[in-house]
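Student: Sharing a structure here in structure tokens format.
Each value in this text was obtained by applying a stated rule to the coordinates, not by laboratory testing. The model shown is predicted, which means the values in this text are computed figures rather than measured ones. Here Cβ is always computed from backbone atoms with ideal geometry, including for glycine, and neighbour counts include all displayed protein chains.
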Amino acid sequence: MIEVIFTLDYEVYGNATGSLCELILEPAQSLMGLFQEWNCPLVVFVEVAELERIYQERSDQDIEAVFQQIRELESQGHEIALHIHPQWYKARYQNGQWEVDLSEYNLCSLPEERIREIVLGGVKFLRFILRENDYVPISFRAGNWLFQPTQPAARILYEYGVRIDSSVFKGGRFKSYGVDYRKAGRNGFFWRFWRDVADDDPQGQMIEIPIYTTLVPFWEMLSRKRIEIEKKGQEEGKNTSLFSKLKNHLSLKYPKKLDFCRLTKTEIDEMLKKIVALDQESPSILKPIVAIGHTKDLKDIDAVDYFLKNLNESGLKVTTFRSIYGKLIGD
């Protein structure tokens, strides 16, 4: 039994370039309309750090419109989740430009009290945006997918109500940050964890539902669509290129994510065939499949429509982390 979870990282570029209108508001509005047409929910990972700093500095006139859009997303039944790029919290805004603090790039490598300060601040600001003083996000995605070393960050997130993480992608590796998810490849479609997010721990208090990936030859990552998205990011001042990401893995195989903003229609067909085949092997076993997208990467709404159409024709259910949680813990 497969249930697909569409996750959307709601953010501008990690180095603080780009406008809220172009990179968040307009693409999110297009996705809202499309997902409403197909009656499918999204999990929206709101990047609270950048929004809080932009709000504090009033560096973009569309910040209030962003807050309103997030409230509309929730009112339409989409799940609002916690996403934090910590390099934003000590970012400086001078002469119309942002300079982020790369010393805080990996939340998990910071001192425990700093992690607690950031997580609590993120939850509070999400509540401020939603105008709900008791809102508790059940799901989390680490900025830059960096969720190692997992403790004490996991324990702190758990204390503030987070029960599900979706930062891992099997085969993923960030050598310069000491993050390695390759051993997660031996795990199932979801697992409990505590000490290390990549380890299946039956006694773990949190659940990992990884971003779905398949290992492919690295040259399969060089589609025209993907290269054009990366080129746009470079023009906006994005720090890392596709080629540097490929080099980081030092392998002929690369984890291709189920990315509804970057995949071509042909790639969507290929990945969906594999997913459907998995379901046919064991139809009674719950298999949550996480797709990922970024507002800043949306360039081809037709491909997303094609994805949703094919899911509908395949009879696969679209859900959220909050909706599926009870099934994962056996309630």
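Student: Would you list D300, D165, D305 from fewest to most Cβ contacts within 10 Å? Working shown, then result.
Tutor: Numbers: D300 18, D165 24, D305 14.
Lowest count first: D305, D300, D165.
Student: So what is the relative contact order of the chain, in percent, for Cα pairs below 8 Å that sit 6 or more residues apart? Write out the running numbers ahead of the final one.
Tutor: Details: 592 pairs, mean separation 80.0, N = 331.
With pairs under 8 Å counted, the relative contact order is 24 percent.
Student: Putting +1 on Lys and Arg Cβ atoms and -1 on Asp and Glu Cβ atoms, find which of V216, I156, I54 reaches farthest to the positive end of the dipole of the chain.
Tutor: Highest projection toward the positive end goes to V216.
Student: Here's another thing I want to ask about it. Output the antiparallel fraction of DSSP beta bridges having both residues in the chain, as a percent to the nearest 5.
Tutor: Working: 13 of 43 bridges.
If we restrict to bridges inside the chain, about 30 percent are antiparallel.
Student: While we're looking at this one, here's another question. How long are the semi-axes of the ellipsoid equivalent to the range 282-331, from square roots of 5 times the Cα gyration tensor eigenvalues, in whole Å, largest first?
Tutor: On the way: eigenvalues 129, 46, 12 Å².
In descending order the semi-axes read 25, 15, 8 Å.
Student: Starting from the Cα of K309, move 7 Å in the Cα-to-Cβ direction to define the label point; list residues of the range 263-299 whose amide nitrogen is under 14 Å from there.
Tutor: Only 265-266, 268-269 fall inside the zone, counting backbone N under 14 Å.
Student: For the chain, what log10 I(q)/I(0) values come out of the Debye formula at q = 0.09, 0.10, 0.15 1/Å, with one point per alpha carbon and no solvent?
Tutor: Normalising to I(0) and taking log10 leaves -0.43, -0.54, -1.40.
Student: OK, next. With the Cα gyration tensor of the range 107-216 in hand, convert its eigenvalues to equivalent ellipsoid semi-axes via √(5λ) and list them largest first in whole Å.
Tutor: Values: eigenvalues 118, 44, 35 Å².
Rounded to whole Å, the semi-axes are 24, 15, 13.
Student: Of T320, F189, G96, which is farthest along the charge dipole of the range 2-328 in the positive direction, counting Lys and Arg as +1 and Asp and Glu as -1 at C-beta?
Tutor: Checked the options; the winner is F189.
Student: Arranged by the count of other C-beta atoms within 10 angstrom, fewest first, what order do S167, S59, S176 take?
Tutor: Values: S167 24, S59 16, S176 9.
In order of increasing Cβ crowding within 10 Å: S176, S59, S167.
Student: Which value at 222 nm does the chain reach when only helices count, each DSSP H run of 4 or more adding -39,500 (n - 2.57), with the total divided by all residues and rounded to the nearest 500 deg cm²/dmol?
Tutor: Values: 10 runs with 120 residues, N = 331.
Calculated from helices alone, the mean residue ellipticity at 222 nm is -11500 deg cm²/dmol.
Student: Looking at the square roots a ≥ b ≥ c of the eigenvalues of the Cα gyration tensor of the range 35-90, which shape do they give, rounded for a/c under 1.5, prolate if a/b is larger than b/c, or oblate? Mind showing how you got there, number by number?
Tutor: Numbers: a/c = 3.59, a/b = 1.79, b/c = 2.00.
Judged from the Cα gyration tensor, the range 35-90 comes out oblate (a/c at least 1.5, b/c at or above a/b).
Student: Size of the dipole of the range 25-165 about the Cα centre, Lys and Arg at +1 and Asp and Glu at -1 on the beta carbon, nothing else charged, in debye to 20? Kindly include the intermediate steps, with their values, before the conclusion.
Tutor: Working: 13 positive and 22 negative charges, 70 e Å.
With Lys and Arg at +1 and Asp and Glu at -1, about 340 debye.
Student: Pairs K90/K175; K170/K257; K253/K317; K274/K327; K253/K274; K175/K296: which are spaced more than 19 Å apart, C-alpha to C-alpha? The partial results should precede the final answer.
Tutor: Details: K90/K175 24 Å; K170/K257 9 Å; K253/K317 30 Å; K274/K327 23 Å; K253/K274 17 Å; K175/K296 25 Å.
In this structure, K90/K175; K253/K317; K274/K327; K175/K296 exceed 19 Å between Cα atoms.
Student: Then there is this: Using the charge dipole of the chain (Lys, Arg: +1 at Cβ; Asp, Glu: -1 at Cβ; taken about the Cα centre), state which of A16, G293, A277 has its Cα farthest towards the positive end.
Tutor: It is A277, whose Cα lies furthest towards the positive end.
Student: Pick out which of E267, E52, E117 has the largest mean-square fluctuation in a Gaussian network model of the chain, springs linking Cα atoms closer than 10 Å.
Tutor: Comparing E267, E52, E117 in a Gaussian network model of the chain, the most mobile one is E117.
Student: Counting other beta carbons within 10 Å of each Cβ, put L130, L286 in order, fewest first.
Tutor: Values: L130 18, L286 14.
So the ranking, lowest neighbour count to highest, is L286, L130.
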